[in-house]
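The values are calculated or read from the model by the stated rules, or taken from the named source; none is laboratory data. These numbers come from a predicted model, not from an experiment. No Cβ is skipped: glycine too gets one built from the backbone with ideal geometry, and neighbour counts run over all protein chains shown. SASA here: full protein model, heavy atoms, side chains in, ligands and nucleic acids out. Shrake-Rupley method; radii C 1.70, N 1.55, O 1.52, S 1.80 Å.
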Amino acid sequence: MARLNAGRPDSALDAARLAADLDPSAEWAYRLMSLAHERLGRDADAVPAAERAVELARGSWPARLRLASVLRRVPGRWGDAVQHAALAGKFAPEEAGPEVMLGDLALLRGDHAAAERSYRAALATEPGHPQAHVNLGLSLLRWDRPRPHHDPAWPVNPRDTSRARRALEVWSRQARLLVAVATVAIAAAALLTDWGAQAELAGFAVLAALAPLTVRQARRVGLWRYVRPMLRLDPWLGAHLVSAAVSVAAFAAWLLLAAGPVLPPAFDPVWAGLAGIAVLGWPALAGVRALAEAWRGRPLRALAESARVQDSERTARRNTGVTLWILLGRTWTVLVPLLGGALAVEPRAALAAVAVPYPMVRGYLRARHRGDGWLLAATALVVLCAVASAAGGLFGSAWAWRTGLGALGVAMAVFLARAARAWWRGGAGPWRSSLLMCDLPIGAEPSVPLGPEARRTFSYARGIVLSYADSLGPRVAGAVASVTSSGELRLIAETEAWDAIEADPRVAVFATDPSQRRFWVEVRGIAQADSDVLRITPKQVFLGEYPGRHQRRA
């Protein structure tokens, strides 16, 4: 585990393999092998090792979490991952890890409400859990996962659905670009030259050229039965396709109107509107998407979660900065129509601009985010804009208005410069897609071994007591036990215990050493049915001696 924490998964894999060779029953070694394979990006190799760990210790909650963490990346095994995570929560309700895994599974599927519930349950158990804080912030922001078009529960490889989405996206981009360029070229030829008729014929040629492009991309889609669910999961993909189809239809109608007889002047606005749809559909959709992403989720609450652990978690620092940029974008989009309306209707209405930056400034001060001078400069410019514009509206100062509007424009320039810098360097940009999910190692907790004293006690004990809980309360039953090489207890118990253990697998087993009458062992663990025996995986082992004669009576 030390080698994994040091960033050396290859060396950690070799050490785990050596430990498994020396002791084939050591389930912890197989869990570390699975974790090392996962760190190396070998999900297919990580599955057998995790499944072997579960076979060796069926009641181990870390083994169940390790298997769930691997299966969530295997096509068609999403349901199995949820089942193993739920079992881990049943085995260890006092641990935060199972709830965090259930939250991650819900978040990756886009179920933000269920993810929020799971993360809050995990934080109720362990208030300082960094992964729960960071990913709870993502659920509050309504985070878009890397493949929003793909449902992890589908029995299909995500690469195949990504290829299908890519083909649909390429078609929409090509169609909109061709239509926009052709519209501008035809309009320029008709207005500036005498080649209007020839340009219209070229426009029909563009329409004809769209047919083979459409057929080629349709063949590349392949998974047509998943297209409708993909559009339901990723509404922006559907918006792009609809925009492309509307642009092509508007372009065709525009050509037909232009090619027909001389139309009355009343049709000129219709003619111009169709041309506008063909040319401006793409930029308008991009603007609507940017506005929708800025106003999606609850960034102030998300900021409070990620800021709590940003000093110890790198992903939290990144998400904190991106969330502050989202707050800045919200503030900017409120100031623009507010100041524009004040200039057009009533200048004194600009006094309301003073209150607009308050949530942004409050979030910035509470987050104590450092290291991004661009963000600090943009925040200061937006505050200057609000104060100067309010002064301009109150006192009627033209210079105050110019200062406020200029600061607003410079703030946008700072954002664009920061975005261009991030794009050039390939780093995290000031946009929603830069948000990352926290994914710490899961299922690496060491197993609880049975020491030599406990093994000897269970091997030679004449009486074994099994304690379990049912609807009537705790129950005690006699049992016969043996110890396996992997450190599990195998018990033969009465049939009444089986149904109760199915509902609540947490049990306790007591035994005394006949050679040392005062020595006792208590094993608290998880019982799982296996054929005609109960397999008990230890969670806690207690050793001790009975008190003296004067205390035994009490």
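Here are the numbers for this structure:
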item	result
Selection count, the stretch 286-317, where residues are touching a Ser or Thr at 6+ places or on another chain (Cβ under 8 Å), surrounded by fewer than 19 Cβ atoms within 10 Å (Cβ to Cβ) and touching a residue at least 40 places away in the same chain (Cβ under 8 Å)	1
Of residues in the stretch 25-43 being surrounded by fewer than 17 Cβ atoms within 10 Å (Cβ to Cβ) and touching a residue at least 24 places away in the same chain (Cβ under 8 Å), the one farthest from S531 (Cα to Cα)	L40
Any hit, the stretch 365-373, residues being part of a helix (DSSP H, G or I), under 22 Å from L300 (Cβ atoms) and touching a residue at least 40 places away in the same chain (Cβ under 8 Å)	yes
Residue within the stretch 136-157 that is among the β-branched types (V, I, T), assigned to a helix (DSSP H, G or I) and out of contact with any strand residue (DSSP E or B) (no Cβ under 8 Å at 6 or more places or on another chain) present	no
Candidate set: the stretch 90-101, residues that are assigned to a helix (DSSP H, G or I) and touching a Lys or Arg at 6+ places or on another chain (Cβ under 9 Å); chosen: the one most open to solvent (accessible area, probe 1.4 Å)	K90
Criterion violated by A202 - all others in (1) over 38 Å from the mean Cα position of the chain (by Cα); (2) modelled with pLDDT of 85 or more satisfied	(2)
Residue match in the stretch 297-310 (condition: part of a loop (DSSP other than H, G, I, E, B) and under 16 Å from R368 (Cα atoms))	yes
Verdict on V74 being outside any loop (DSSP other than H, G, I, E, B) and either β-branched (V, I, T) or free of Cβ contacts under 8 Å to residues at least 12 places away in the same chain (or both)	no
Those residues of the stretch 57-89 which are of a type in the set (K, R), closer than 30 Å to D160 by Cβ and surrounded by fewer than 24 Cβ atoms within 10 Å (Cβ to Cβ), in sequence order	R72, R73, R77
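Residue-by-condition table, conditions (1) open to solvent by 60 Å² or more (accessible area, probe 1.4 Å); (2) part of a helix (DSSP H, G or I); (3) in contact (Cβ under 8 Å) with a residue 40 or more places away in the chain:
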position	(1), (2), (3)
A386	no, yes, yes
L394	yes, yes, yes
A400	no, yes, no
G409	no, yes, no
V414	no, yes, yes
A428	no, no, yes
